[in-house]
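Everything on this sheet refers to the single structure shown next.
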Amino acid sequence: MEAHSKPANTTLSPLVTIASGAQDTTLTRVCVFCGAADGSRPEYKRAATVLGETLASRGITLVYGGGSMGLMGAVADGALSRGGTVVGVITTLLRSRELAHQGLSELHIVETMHERKMMMAERSEAFVVLPGGFGTLDEMFEITAWSQLGIHEKPIGLLDVNGYYDSLLRFLDHCEGEGFLRLSHRDQYRSAADPVTLIDLLDSAARTRRRTRRETEGTQR
């Protein structure tokens, strides 16, 4: 494992079949937000593992929070089991509690949670949100707010295992209906129950974004 400090300034029952070998994908780096717990259903951990395997099988680098526990550890282990590249970003505090994964391709150490999110976002071309708690929701909403502010145009996907995010999406519908969301969150999120379908959706969105950008640049010449 290659560690970088930044100053303060497997056999399982897969959810889907994963094709072997690299796929024709636009994405090369995907950031995954997820919980440091396994959750109460085994499907959550299986989905995280299959997501990691899927990314690695397509030659996509996994960027995540650098942890070894729960779904964080599962997605990293899934990618590593297929020979994938895994980049972790963790704070000094969390590393001091021996929560960092010790087998990553790269581990970047930062001082604050904000620096952590910024580095993960800067090093990624799309985002996947797995089931998780307050930390995962914080990451999801902050990256969504950045999108709505025009800070980035990267696609965001929800891995909606067992309908985990159904109630949240209904709440966002309520927020929109009450006039507190100016842009439709449905346009912000791609959602799927299995990892392969979700990565396909995000890759398609990335292709469309790249094509639109090229067309826009062409008209401005």
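The values are calculated or read from the model by the stated rules, or taken from the named source; none is laboratory data. Values in this document were obtained by computation on a predicted structure and should not be read as measured data. Note that each Cβ is placed from the backbone with ideal geometry, even for glycine, and that neighbours are counted across all protein chains shown. Side chains included, ligands, DNA and RNA excluded: accessible areas come from the protein's heavy atoms. Shrake-Rupley method; radii C 1.70, N 1.55, O 1.52, S 1.80 Å.
Taken together, the residues in segment 188-221 that are of a type in the set (S, T, N, Q) and modelled with pLDDT under 90 amount to 6.
Just to be sure before I move on: is Ala56 within 30 Å of Thr92 (Cβ to Cβ) and modelled with pLDDT under 95 in the structure I sent? Let's see the steps before the verdict.
Numbers: within 30 Å of Thr92 (Cβ to Cβ): yes; modelled with pLDDT under 95: no.
It is false that Ala56 is within 30 Å of Thr92 (Cβ to Cβ) and modelled with pLDDT under 95.
For the structure I just gave you, tell me whether Leu198 is surrounded by 13 or more Cβ atoms within 10 Å (Cβ to Cβ), in a strand (DSSP E or B) and touching a Leu at 6+ places or on another chain (Cβ under 9 Å). Answer is no for this residue.
Picking from residues in segment 59-87 that are open to solvent by 10 Å² or more (accessible area, probe 1.4 Å) and in a loop (DSSP other than H, G, I, E, B), the one that is nearest to Leu104 (Cα to Cα) is Thr85. Among the numbered conditions (1) at pLDDT 90 or above; (2) among the hydrophobic types (A, V, I, L, M, F, W, C); (3) open to solvent by 60 Å² or more (accessible area, probe 1.4 Å), the only one that Leu183 does not meet is (1).
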